[in-house]
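Take a look at the structure set out below.
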Amino acid sequence: MSTSHYSPTLTNAWRSPRLVYRAIEDNPVDRHTLWTFFDADPTAIAMASMRPLNPQPLAFVQRLYEHAQSLHIRVFICLPPSDADITQWEALIQEKAEKSNLTATLDIEKLKTEFPRPGPKPIGVVTLMPPMGTEELHHRNAMIGVGIGAEWRGKGYGGEAIDWVLDYGFGRLGLHRIWLAAFEYNERACRLYRSLGFVEEGREREAVLYERKWWDIVRLSMLEGEWEVLRARQEEAAKGEKCKGEDGKMEE
C-alpha cells in the first residue's frame, strides 16, 4: 500500500528536518559509539554529569542498558546518508560486480549484503525518562536527556532533537509536563532550552562543584498547553512565510 494514504506526521515519525532517529542496539558497535559520545569525552562528562572527571572504561556504558526498559524512548540522533555517500556506494557495488563478472540479480544482492548501503550516522543521543516507579506514571511527567558528539556540536542538532522528542512526548505519549536540567555554567545549554520555550522553574543552589567554584543546577520545564501554543504560533508563522513566498512569485 502506498504511503501517500498516511499523514506525513506518521510516515516521518522518526524524522525531523535534518535528522533521523534509530534505536540503540545492544551490540559492540553501538556500545562503543555511546562510550565515545559520553565517557571518552571530558567535555560531555563535565557539561552533563555529576560524576568525577575521570577516564571511564568501555564497560561503564552498561549503565544505560540496565535502565533502558524504564525509558519512554532512547534513540541515536543520526544524520541520514548523503547523496554523495549513496553515489559512492553504488559505484563500489558496480565496480565489484564488474570485476567478478556478476550479472544475476541474486549475485548482486549478495554483494550488497557484503557491502551494505550506507545507513544513518549516529551523532548523539536523546532519551525521555519517566519518573522512577510505576506508581508515579499517572502524573504524566518525563525528563529529557540529550547529548551531541563533539564533532557535531554548535550546528543546531541538539535543539532539533529536543523539538522532536517534545512532539513525541506531548503528541504521542500524552505527557503533561516535560522537563530537563542544566548546570549554571553550561550557558550554551541554558540559552538553548529557553529559546525552545522551556521555562525556568527553580534551582538547586550551589549543588555542583566545577573548576573550584560552586554552581546551581537550573531546572526548566514545558507544559502541554505551552507546547500547544508554541506549535500553533510556529505553524502560523510558517504559513505566513509561505504566503509571502507565493506573493513574491506572483509579482515576478
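The values are calculated or read from the model by the stated rules, or taken from the named source; none is laboratory data. From a predicted model like this one, the values you see are computed outputs, not experimental measurements. Cβ atoms come from the backbone with ideal geometry, glycine included; neighbour counts cover every protein chain shown. Accessible surface areas use protein heavy atoms only, side chains included; no ligands, DNA or RNA. Shrake-Rupley method; radii C 1.70, N 1.55, O 1.52, S 1.80 Å.
Miscellaneous remarks
- Screening the stretch 41-62 for residues that are assigned to a loop (DSSP other than H, G, I, E, B) and open to solvent by 50 Å² or more (accessible area, probe 1.4 Å) and picking the one that is farthest from Pro122 (Cα to Cα) gives Pro52.
- Subset of the stretch 91-119 (residues that are charged (D, E, K, R) and either surrounded by 14 or more Cβ atoms within 10 Å (Cβ to Cβ) or more than 26 Å from Trp152 (Cβ to Cβ) (or both)): Glu95, Lys96, Glu98, Lys99, Asp107, Glu109, Lys110, Lys112, Glu114
- Listed by position, the strands (runs of 3 or more DSSP E) enclosed by the stretch 145-252 that each have at least 1 residues that are open to solvent by less than 50 Å² (accessible area, probe 1.4 Å), polar (S, T, N, Q) and touching a strand residue (DSSP E or B) at 6+ places or on another chain (Cβ under 6 Å) are 213-223.
- A search for C-beta distances below 6 Å between a residue of the stretch 169-197 that is modelled with pLDDT of 95 or more and any residue that is among the hydroxyl-bearing types (Ser, Thr, Tyr) and surrounded by 17 or more Cβ atoms within 10 Å (Cβ to Cβ), counting only pairs 6+ apart in sequence or on different chains, returns Arg177/Ser221; Trp179/Ser221.
- The number of residues in the stretch 63-88 that are open to solvent by 50 Å² or more (accessible area, probe 1.4 Å) and part of a strand (DSSP E or B) comes to 1.
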